[in-house]
Amino acid sequence: MNTQIYVNLPVKDLERSKTFFSALGFGFNAQFSNQDAACMIIGPDAYVMLLTEPFFAGFTRKPIANARESTEVLVCLSRTSRAAVDEIVAQARAAGGSVPAEPRDYGFMYQHGFEDPDGHVWEVVYMEAMPPEQA
């Protein structure tokens with residue numbers, strides 16, 4: 001069995017978050033979703049659990065970070081091309097997200113990103129494959 005990863009993020013308005021991420025092309029697993037949580041599918045073994053803040057608070061004794069004022073995590077997604085990076089960032093902007101910085105081109109890696117409606121930072125990258133002699 002492959003190791004799966006579930007990133008848990010607190011959200012103020014679960015329906016707003018589901019609408020936002022649906023606009024970016026992400027689907028949800030209804031089996032692991034209810035009025036307090038939505039299981040967003042990133043890939044075969046990667047998921048983001050969008051949890052209402054009261055539900056999220058039940059899993060920790062620490063205060064929930066306000067993602068608009070501090071950064072608690074940087075989620076990074078890969079894409080298959082530079083154009084695909086720009087496309088998801090444009091979709092995020094159109095769906096109500098913000099784009100806090102210009103894209104960065106490092107030659108071997110192209111990076112851009114967006115903030116979701118709760119202020120969580122989502123980095124998006126395309127990395128060129130290394131030539132076999134350098135791998």
Practice item. Inspect segment 81-90 for any residue being among the basic types (Lys, Arg) and in contact with an Asp or Glu (Cβ under 9 Å, 6 or more places away or on another chain) and give the result as yes or no. Key: yes
Review point. Does segment 80-87 contain any residue that is among the β-branched types (Val, Ile, Thr) and either modelled with pLDDT under 95 or within 23 Å of Ile5 (Cα to Cα) (or both)?
Key: yes
Practice item. Inspect all residues belonging to segment 16-37 and state whether any of them is on the phi > 0 side of the Ramachandran plot and of a type outside the set (Phe, Trp, Tyr). Key: yes
Point to revise | segment 7-37: number of residues that are among the small types (Gly, Ala, Ser), surrounded by 14 or more Cβ atoms within 10 Å (Cβ to Cβ) and over 18 Å from Gln91 (Cβ atoms) | key: 2
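A quick yes/no check of all residues on (1) in contact with a helix residue (DSSP H, G or I) (Cβ under 9 Å, 6 or more places away or on another chain); (2) free of Cβ contacts under 8 Å to residues at least 40 places away in the same chain; (3) surrounded by 13 or more Cβ atoms within 10 Å (Cβ to Cβ); (4) assigned to a helix (DSSP H, G or I):
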position: Ala92; (1), (2), (3), (4): yes, no, yes, yes
position: Pro100; (1), (2), (3), (4): no, yes, no, no
position: Gln111; (1), (2), (3), (4): yes, yes, yes, no
position: Gly119; (1), (2), (3), (4): no, no, yes, no
Check your understanding: Of the residues that sit in segment 62-83 and are part of a loop (DSSP other than H, G, I, E, B) and among the basic types (Lys, Arg), which one is surrounded by the fewest Cβ atoms within 10 Å (Cβ to Cβ)?
Key -> Lys62
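The values are calculated or read from the model by the stated rules, or taken from the named source; none is laboratory data. A quick note: this is a predicted structure, and the numbers were derived from the prediction, not measured. For neighbour counting, all protein chains shown are included, and Cβ atoms are generated from backbone atoms with ideal geometry for every residue, glycine included.
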